[in-house]
Amino acid sequence: MKKTQQHSYKTIDFPPLTDEQKKELEYLDKMPDSEIDYSDIPEHLDTPVVSYYFKSLKVPKTDIHTKIDNDNLAWLKQGGRGYQARLNNVIRWARLNNCPIIQM
């Protein structure tokens with residue numbers, strides 16, 4: 001099994017913002033919340049906001065073999081491809097939200 005260091009995230013080098021993009025962000029920053037149109041935003045996002053942040057990180061991975069209950073696997077696979085990433089997002093969300101780890 002490969003060993004990795006905990007929390008050794010590498011950020012992706014995004015290209016610098018253009019002057020036009022900077023001006024737009026400044027304009028939006030000054031806009032009062034009451035003027036923001038939320039009508040095109042879904043009421044409930046399918047993916048937690050924190051996962052968008054983690055998609056911009058290159059997180060080291062470790063190959064493991066484990067068993068998972070069939071009902072949990074079916075739930076993860078409902079969204080099609082990418083169920084392993086969804087499993088990682090569920091675990092990360094639980095960790096970041098201080099969910100207790102208990103033995104059953």
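The values are calculated or read from the model by the stated rules, or taken from the named source; none is laboratory data. As the structure is a prediction and not an experimental result, all values here were calculated from the model. Positions of Cβ are backbone-derived with ideal geometry, glycine not excepted, and every protein chain shown enters the neighbour counts. Ligands, DNA and RNA are excluded from the accessible area calculation, which covers all protein heavy atoms including side chains. Shrake-Rupley method; radii C 1.70, N 1.55, O 1.52, S 1.80 Å.
Yes/no per residue for (1) outside any helix (DSSP H, G or I); (2) at pLDDT 90 or above:
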{"position": "1", "(1), (2)": "yes, no"}
{"position": "8", "(1), (2)": "yes, no"}
{"position": "14", "(1), (2)": "yes, no"}
{"position": "39", "(1), (2)": "yes, no"}
{"position": "47", "(1), (2)": "yes, no"}
{"position": "75", "(1), (2)": "no, yes"}
{"position": "84", "(1), (2)": "no, no"}
{"position": "93", "(1), (2)": "no, no"}
{"position": "101", "(1), (2)": "yes, no"}
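Output yes when any residue across region 55-66 is modelled with pLDDT under 85, assigned to a loop (DSSP other than H, G, I, E, B), under 13 Å from the mean Cα position of the chain (by Cα) and more than 22 Å from residue 101 (Cα to Cα), and no when none is. Within region 55-66, one or more residues are modelled with pLDDT under 85, assigned to a loop (DSSP other than H, G, I, E, B), under 13 Å from the mean Cα position of the chain (by Cα) and more than 22 Å from residue 101 (Cα to Cα). What about residue 24, is it surrounded by 10 or more Cβ atoms within 10 Å (Cβ to Cβ), modelled with pLDDT of 85 or more and not hydrophobic (A, V, I, L, M, F, W, C)? Judged against the criteria, residue 24 is a match.
How many residues are in contact (Cβ under 8 Å) with a residue 24 or more places away in the chain and open to solvent by 100 Å² or more (accessible area, probe 1.4 Å) if we restrict to region 59-93? The total comes to 4.
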